[in-house]
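Structure first, then comments.
What follows draws every value from the coordinates through simple rules; no lab data is involved. Note that the coordinates shown come from a computational prediction; the quantities given were computed from them, not determined experimentally. A quick note on method: Cβ atoms are made from the backbone with ideal geometry, for glycine too, and the neighbour counts reach across all protein chains shown.
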């Protein structure tokens, strides 16, 4: 997993896409996430080292506030004001439907970025991320890299794999780095040792 620190934290992992049909402009695309647990090996682009790569045991609660989705592909990039609200995969034992995005048909996508912010109006909570009762207010961006570029059509469904993200946060908790000051330094240390 590759994590970059710009003004916020970026966590990269992968996503898959399935198609169900075809229509014209402005189609609804279903956004979902797969179940994850300690017995699932995360599918990641790049990787963290050691226990951080598969550390999802002991996650009892996990939620984050989604305020924006960014799509990147060969045709350029689109920013969607997708205030999907509070997403709560919790212990990761079941798949989760995040909602629907209105994306122009024929948009090409190779990267999907999920903006996570502390936004009480959108999510009803004062934090951007919560795990096992601990919270962060830091702006975070989850980056999902598709295995190959896809073209959006009617009935498309994007399935995000959260195991690497959940594992990274759980490892930060285990290292006492799940704090406003500690999280960025922790992720920078983990990714620099993986390169």
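Summary of computed values
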item	result
Computed over the stretch 79-155: relative contact order in percent, which uses C-alpha pairs under 8 Å that are six or more apart	33
Residue 134 paired with residue 86, simple spin-label distance in nm, labels 7 Å along Cα-to-beta-carbon	2.0
Residue exposure sequence - 65, 123 - by fewest surrounding Cβ within 10 Å	123, 65
Gained length - residue 102 relative to residue 120, 0.36 nm times residue gap less alpha-carbon distance	4.1 nm
Computed lengthening from residue 159 to residue 57, 0.36 nm per intervening residue step minus Cα-Cα distance	34.5 nm
Fully extended contour minus Cα-Cα distance, from residue 176 to residue 95, at 0.36 nm per residue	26.3 nm
Label-point gap, in nm, between residue 32 and residue 149 - each point 7 angstrom along Cα→Cβ	2.7
